[in-house]
Amino acid sequence: LVIPDFPSFTADITGIYQNLLDDRRGAVADYIPQLKRVPPDQFAVAVCTVDGQRFSIGDAGVGFCVQSVCKPINYSLTLEEHGAEVVHRHVGREPSGRGFNELSVNGDGLPHNPMINSGAIMSCSLIKPDLAVADRFDYVADTWRALSGGSPVGFNNAVYLSERQTADRNFALGYFMREHGAFPAGTDLIETLEFYFQCCSIELDAGGLASVAATLANGGMMPLTSDQVFSTESVQKCLSLMSSCGMYDYSGEFAFTIGLPAKSGVSGALMLVIPQVMGIAIWSPRLDALGNSVRGIEFCRQLVEKYNFHIYDSL
Ligand code: GLN
């Protein structure tokens, strides 16, 4: 077993969870009206190891939308479909050093990386572009189902509609990239943006997200079903970019202090990958100034204080 004494590990997870229950710093994202209505004090932590041991605590059965946590999944899908060489003709792989929805492109006129909005919109343009929109969405949702080992995967239509109606910045990013000729030939911009909002509105619970993280930790093979959902090569690339760019403009700090690939979303979701060990999902909607879950970051900090999971702890 990868965690031989699972009960004492889960006792420690429970301890960290309880330490953070009183932490009410931060505020729920309000730029998407529907997200603002989520009860802010909810908090869930879930764990799934690469050999299939599972644990969850708190509001672990409550669904939340993945928001930016869809970005690494969509990026992996583009790698599977086109290979890295083609994908990176349309998106860079360098941290932007700016906010996740900053109106900017790199020196080649491309989005900086697939983990910020511009790059995630680009990923959407590359996923099964020849299929009908409904089939493209099904393809992504089915991928989430496979990655989570069959956990319930839903769609929050109200969040989707709410985001689409207030998406001036994402539309601006789309037009800005089109002006720079960044998209593949034949891209339908409005369809691409709507597809991106739909992917952000995919919903699952913390247990499901921990299973997705465990599949990434396991090199693309879902531990509970042994389904090879992504190739190991795609997952290596995805985790590399999660390590350098996954936590918005806190990515460098996160790499320094936590030292693990992760991805956050404005719903307060945080997916943490401990390669070859486990996946962890933390969900708590109050965000810090950069858009990361306050309790999510704090959980990671306390976890690596207790366990030597930071990649360079093994030196
Ligand atoms: N749907 C959100 C947006 O595009 C996702 C951003 C995020 O989670 N940081 O603005």
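The values are calculated or read from the model by the stated rules, or taken from the named source; none is laboratory data. Remember, it's a predicted structure, so these values are computed and weren't measured experimentally. Quick reminder, even Gly has a Cβ in these numbers, built from the backbone with ideal geometry, and neighbours come from all protein chains shown.
Yes or no: GLY279 closer than 22 Å to ALA60 by Cα and out of contact with any helix residue (DSSP H, G or I) (no Cβ under 6 Å at 6 or more places or on another chain)?
no
Answer yes or no: is there a residue in the stretch 5-19 that is closer than 30 Å to ASN113 by Cα, in a helix (DSSP H, G or I) and of a type in the set (S, T, N, Q).
No - not one qualifying residue is present in the stretch 5-19.
Only one of these conditions is not met by ASP41: (1) farther than 18 Å from CYS300 by Cβ; (2) crowded, with 17+ Cβ neighbours inside 10 Å; (3) more than 16 Å from the ligand (Cβ to nearest atom). Which number is it?
Answer for ASP41: the failing condition is (2).
Per-residue answers, yes or no, for (1) outside any helix (DSSP H, G or I); (2) surrounded by fewer than 24 Cβ atoms within 10 Å (Cβ to Cβ):
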residue: LEU224; (1), (2): yes, yes
residue: LYS237; (1), (2): no, yes
residue: ILE280; (1), (2): yes, no
residue: PRO285; (1), (2): yes, no
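When you scan the stretch 83-105, how many residues do you find that are of a type in the set (A, V, I, L, M, F, W, C), more than 13 Å from the ligand (Cβ to nearest atom) and in a loop (DSSP other than H, G, I, E, B)?
2
For ALA120, indicate whether it is within 12 Å of the ligand (Cβ to nearest atom) and out of contact with any Gly (no Cβ under 8 Å at 6 or more places or on another chain).
Taking the combined requirement at face value, the residue satisfies it.
For the subset of the stretch 190-239 comprising residues that are closer than 27 Å to PHE171 by Cβ and polar (S, T, N, Q), which member is farthest from the ligand (Cβ to nearest atom)?
Looking at the filtered set, the residue picked out is THR192.
Give the stretch 129-175 a look and list any residue that's surrounded by 14 or more Cβ atoms within 10 Å (Cβ to Cβ) and among the polar types (S, T, N, Q), or say none.
Of everything in the stretch 129-175, those that are surrounded by 14 or more Cβ atoms within 10 Å (Cβ to Cβ) and among the polar types (S, T, N, Q) turn out to be THR143, SER148, SER151, ASN156, SER162, ASN170.
I need the full set of residues from the stretch 62-82 which are away from the ligand (no atom under 13 Å from the Cβ), assigned to a loop (DSSP other than H, G, I, E, B) and either within 21 Å of PHE195 (Cα to Cα) or at pLDDT below 95 (or both), in order please.
GLY63
State the number of residues belonging to the stretch 29-49 that are out of contact with any strand residue (DSSP E or B) (no Cβ under 9 Å at 6 or more places or on another chain) and modelled with pLDDT of 95 or more.
The number of residues fulfilling the criteria is 2.
So which residues in the stretch 246-280 are within 15 Å of the ligand (Cβ to nearest atom), small (Gly, Ala, Ser) and on the phi < 0 side of the Ramachandran plot, if there are any at all?
Correct list: GLY246, SER251, ALA262, SER264, GLY265, SER267, ALA269.
Considering each residue of the stretch 154-171, count those that are of a type in the set (A, V, I, L, M, F, W, C) and either within 8 Å of the ligand (Cβ to nearest atom) or within 15 Å of ALA141 (Cβ to Cβ) (or both), and give that number.
Total satisfying the criteria: 3.
Suppose we filter the stretch 260-278 for residues that are in a strand (DSSP E or B) and surrounded by fewer than 17 Cβ atoms within 10 Å (Cβ to Cβ); how many remain?
Here the count works out to 0.
Give GLY15, GLY58, GLY26, GLY52 a once-over and let me know the one that is in contact with a Leu (Cβ under 6 Å, 6 or more places away or on another chain), under 20 Å from GLN302 (Cβ atoms) and either at pLDDT 95 or above or buried (at least 18 other Cβ atoms within 10 Å of the Cβ) (or both).
GLY26
Just wondering, is there one or more residues in the stretch 176-189 that are closer than 24 Å to ASN106 by Cβ, surrounded by fewer than 15 Cβ atoms within 10 Å (Cβ to Cβ) and within 13 Å of the ligand (Cβ to nearest atom)?
There is no residue in the stretch 176-189 that is closer than 24 Å to ASN106 by Cβ, surrounded by fewer than 15 Cβ atoms within 10 Å (Cβ to Cβ) and within 13 Å of the ligand (Cβ to nearest atom).
What's the total number of residues in the stretch 147-203 that are in contact with a Phe, Trp or Tyr (Cβ under 8 Å, 6 or more places away or on another chain) and polar (S, T, N, Q)?
5
Could you pull out the residue among ILE311, ILE297 that is buried (at least 24 other Cβ atoms within 10 Å of the Cβ), on the phi < 0 side of the Ramachandran plot and among the β-branched types (Val, Ile, Thr)?
ILE297
Need the failing condition index for GLU253 against (1) free of Cβ contacts under 8 Å to residues at least 60 places away in the same chain; (2) surrounded by 18 or more Cβ atoms within 10 Å (Cβ to Cβ); (3) not polar (S, T, N, Q), just the number.
Result: GLU253 passes all but (2).
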